[in-house]
1. Run the numbers for Trp176 and Ala94: contour at 0.36 nm per residue of separation, minus the present Cα-Cα distance, in nm.
2. With a 10 Å cut-off between alpha carbons and a GNM built on the chain, which of Ala126, Ala165, Ala15 moves the most?
3. So how do Met120, Met24 line up by other beta-carbon neighbours within 10 Å, fewest first?
4. Relative contact order for the chain using alpha-carbon pairs under 8 Å, separation at least 6, rounded to a whole percent?
5. So if each residue of separation counts as 0.36 nm, and I subtract the Cα-Cα distance between Trp169 and Met120, what length gain in nm does that give?
6. So how do Arg109, Arg152 line up by other beta-carbon neighbours within 10 Å, fewest first?
7. Calculate the translational D of the chain in whole µm² s⁻¹ from Stokes-Einstein, where the hydrodynamic radius comes from the Kirkwood formula applied to all Cα pairs, the temperature is 10 °C and the viscosity 1.306 mPa s.
8. Counting only helical runs of four or more DSSP H residues, what would the 222 nm mean residue ellipticity of the chain come to if each run contributes -39,500 (n - 2.57) and the total is spread over all its residues?
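What follows draws every value from the coordinates through simple rules; no lab data is involved. Computed from a predicted model, the values in this text were never measured in an experiment. All Cβ positions, glycine included, derive from the backbone under ideal geometry; neighbour counts span all protein chains shown.
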Amino acid sequence: MIFVQLALTFLFIGAFTFGGGYAMVALINAEVVDHHGWLSQAEFTDLLAVSQATPGPIGINTATYVGYAAVINAGYEPWAAVCGALMASLAVVAVPVVLALMVFKLWQRVGHGAVAHGVMHVMRLAVVGIVAAAAVSLVGIESFGNVGLNLRFLVSVAIFVAVFALSLWGKVGPVWLIVAAGAVGWAVYGLCG
């Protein structure tokens, strides 16, 4: 049953997410954490950090991890969890690949008109809103710790502000920011407790 749920969930996510991997985050969070309970919010936040730090698209990385974790948490063996990871990964890209091919063929015919450009403008605005909502949904105790003047919260806020500023204005690549944030986290939490 878990395999059918994974396939249907990630087919749904793939079919109704527009704007790329980051736009998927809010929908994946709603399905995986809120609806199915396959992961806790803290596990999902950790998953996003790992998915961002590993090569490949964040949507596929997330689907792969969720597929594996959901099957393991359901009590199956690791080899079955690998099948769950593959199923979720394939399901999340199946509908978008088919739709992308169809839209490409259609865009070749009508993509140069004023209506098409208007549609694209509105879709871009919607995608910005979806990505912003995903970002806001990650601001919580799982990411920053309990609010207060404790070391964990202050370091979390400092890392957030530094990474935000460096990625926006410093033009520092995301890989370097993730590596640096991981090193700071290791130094502060690993060495200082």
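1. Working: separation 82, 0.36 × 82 = 29.52 nm, distance 3.17 nm.
Net length gain for the segment: 26.3 nm.
2. Top of the fluctuation ranking is Ala165.
3. Working: Met120 12, Met24 28.
Ascending number of Cβ neighbours within 10 Å: Met120, Met24.
4. Values: 161 pairs, mean separation 44.1, N = 193.
This gives 23 percent for the chain.
5. Numbers: separation 49, 0.36 × 49 = 17.64 nm, distance 2.69 nm.
Once the chain is fully extended between Trp169 and Met120, it gains 14.9 nm.
6. Details: Arg109 9, Arg152 15.
Result, fewest neighbours first: Arg109, Arg152.
7. Numbers: Rh = 18.6 Å.
D, rounded to a whole number, is 86 µm²/s.
8. Working: 9 runs with 143 residues, N = 193.
My calculation for the chain gives -24500 deg cm²/dmol from helical runs alone.
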